[in-house]
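The values are calculated or read from the model by the stated rules, or taken from the named source; none is laboratory data. This one's a predicted model, so the numbers in the text were calculated from it and none came from an experiment. Virtual Cβ from ideal backbone geometry, glycine too; neighbours counted across all protein chains shown.
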Amino acid sequence: MENKQFSISLKCLFCDCELQADAEKEFASGDMLKCQECQECDELNDYDALIDVASDEGKALAEDYAKREIEKMLKKSFK
Ligand SMILES: [Zn+2]
């Protein structure tokens, strides 16, 4: 089975732009990540909420991938 990697990005909960993580800093539960990507938005994103959203996104991606693989298998066997 091929090793499939999902890329999940952390997005600002307010404006939906991608959050750039500061490489120097490690974030942990309880931290607030400031949105710096866009001009309008200067909101603080709650780390825990971001992880929640990202893990939901990851689950959806994995389910989607699994579904496509199953469809492929079924198509093959019914051809
Ligand atoms: Zn933002």
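Observations on the model:
- Top-ranked residue in the stretch 22-37 [being within 14 Å of the ligand (Cβ to nearest atom) and in a loop (DSSP other than H, G, I, E, B); ranked as modelled with the lowest pLDDT]: Glu37
- Only a single criterion out of (1) at pLDDT below 80; (2) out of contact with any strand residue (DSSP E or B) (no Cβ under 6 Å at 6 or more places or on another chain); (3) of a type outside the set (D, E, K, R); (4) within 16 Å of the ligand (Cβ to nearest atom) is not satisfied by Cys17, namely (1).
- Residues located in the stretch 38-48, provided they are of a type in the set (Asp, Glu) and either touching a residue at least 24 places away in the same chain (Cβ under 8 Å) or within 13 Å of the ligand (Cβ to nearest atom) (or both): Glu40, Asp42, Glu43, Asp46
- Test: residue in the stretch 49-60 that is more than 11 Å from the chain's Cα centre (by Cα), free of Cβ contacts under 8 Å to residues at least 60 places away in the same chain and either at positive phi or within 14 Å of the ligand (Cβ to nearest atom) (or both): yes
- Test: Glu40 is modelled with pLDDT of 75 or more and out of contact with any helix residue (DSSP H, G or I) (no Cβ under 7 Å at 6 or more places or on another chain): yes
- Cβ-Cβ contacts under 6 Å between residues 6 or more apart (or on different chains), taken from a first residue in the stretch 1-23 that is basic (Lys, Arg) to a second residue that is at pLDDT 65 or above, are listed as Lys11/Glu18.
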